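Q: Take this structure, written in structure tokens, and hold onto it; I'll ask about it next.
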Amino acid sequence: MNSLARPFAIPPAVLEREARLAAALAEMARASPSLEPAPLQAFRGALAAGDPVAGEALTDALEVEGLIEEAMALLRETRRTLPSGAPLDALTRRLGPLAEKAQTRRTASWQLDARRVAVRFAYAKLSPALDFDAGDLQRIFLWALRLEGLLPALDLGHHPRPILQLGPSLPAGVGGREEWAETVLRRAPDRDPGALLAGINGRLPEGIRIHRWSEQPLYATPLAELAEVSEWSWLCPEALQPSARIHTERFLAAETFVWDRPGKVGGQKADKRVDLRPMVAAMAWEGALLRIRTPMQAFGATNPLKLLGAVLEVDPATLVGLMRESLSLKPDPRLAQGERFTPKLRNLYEDAVLLSGGSNITLVDDEDDEPLRLG
């Protein structure tokens, strides 16, 4: 049989992880009634039931609530799981132009939208949630926010997506006690942080908990640029301790420690030589516990399991129990320079003077497409 004709097979491990994530998301919805806006809830239900006619009937309500773009994003996500030619094409043609029009309006007022609010939160990822990776966590947090009635703002991409970024992420199998994430909400929450966290944490899967929540200016520096130092711990199995101690001493004594990391060179698959030594600032044993400190600027997006496996010369897949104890952030330099990043009232005044100064500028009102002439 021609190999090109064989159906694509999804690895069982991937299917298992997707099933586990789907079960977690469903359980989050069952934890308590959804606070998501009613038209969006109904639209989500219509898509789940495979009823595009019911979805199209909600168009007016979605427009009134300013939720057309969110509905279109949900429709795109649903279509990705269905074969081409599925009975959602008519609904896509109905929502598509409305979503484009809504995005144009939103883009035009983006810089002046004072209703948006940026939020940074710290969370823990512990057992039994260790097998969730960064993509899983992003979906979990977005779903928790939506269920609690908090709508993440959409970005300005061609296909707008909700804004939610994790700090330096952890791979599946690695835990963290002080991880960070940030999002931008369309509106400030109407509940105090304590009540808000109680609602969100009441939905999150066991092992994932948010323990700090703070609003930030929209111009705050992204978390990825503020990450400074990670502190890790790993409890070494007794049988591996003699070898592990020898290898860590050898690593610390070396000026360079070259690792051939699988990757791409010149667009082609090839091992990429990486010096791991600058990525580790300290490594010390406390009994059977190995503590590691990594400066994040040098560490970057390196998988911590692969780094430890390379140092110990063992298969990273066999390493269990690696934990990031803390991730420290350096002070944000932008917070002391707010005037550089916020719109100037003087510019708004100049625009107003221009529009009232007898110009022949023609504005088009998006609501009725009738031109409104000034001057």
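Q: Taking the Cα centre of region 32-111 as origin, sum charge times position over the Cβ atoms of Lys and Arg (+1) and Asp and Glu (-1), and report the length of that vector in debye to the nearest 20. Intermediate results must be reported in sequence, preceding the final value.
A: Numbers: 9 positive and 11 negative charges, 55 e Å.
Dipole size: approximately 260 debye.
Q: Can I ask one more? Decide, for region 139-204, between rounded, prolate and oblate: order the square roots of the alpha carbon gyration tensor eigenvalues as a ≥ b ≥ c, take rounded if a/c falls under 1.5, and otherwise choose prolate if a/b is larger than b/c, else oblate.
A: Note, shape of region 139-204 comes out oblate.
Q: A further question follows. Using Cβ counts within 10 Å as a stand-in for footprinting exposure, how do HIS158, HIS247 rank, fewest first?
A: Ordered by Cβ neighbours within 10 Å, fewest first: HIS158, HIS247.
Q: Take SER34, SER230 and order them by how many other Cβ atoms sit within 10 Å, fewest up front.
A: Values: SER34 18, SER230 22.
Ascending Cβ contact count within 10 Å gives the list SER34, SER230.
Q: Once label points are set 7 Å from the Cα along Cα→Cβ at both TRP110 and ARG191, what is their separation, rounded to one decimal in nm?
A: So the two model labels end up 3.1 nm from each other.
Q: Here is a follow-up. Please report how many Lys pairs in the chain have alpha carbons closer than 23 angstrom, counting only residues at least 8 apart along the chain or sitting on separate chains. Walk me through the numbers before you get to the answer.
A: Working: LYS125/LYS306; LYS125/LYS330; LYS264/LYS272; LYS264/LYS306; LYS269/LYS306; LYS272/LYS306.
Taking the Cα cut-off of 23 Å, the pair count is 6.
Q: Send over the Kirkwood Rh of the chain, from the inverse of the averaged 1/r over different Cα pairs, rounded to one decimal Å. Before the final figure, lay out the partial values.
A: Details: mean 1/r = 0.0410 Å⁻¹.
It is 24.4 Å.
Q: By count of other Cβ within 10 Å, fewest leading, how are THR256, THR183, THR59 ordered?
A: Values: THR256 8, THR183 20, THR59 17.
Lowest count first: THR256, THR59, THR183.
Just so you know, all these numbers are worked out from the coordinates, no wet-lab data involved. Since this is a predicted model, take the numbers as computed values, not measurements. All Cβ positions, even for glycine, are placed from backbone atoms using ideal geometry, and neighbour counts span all protein chains on display.
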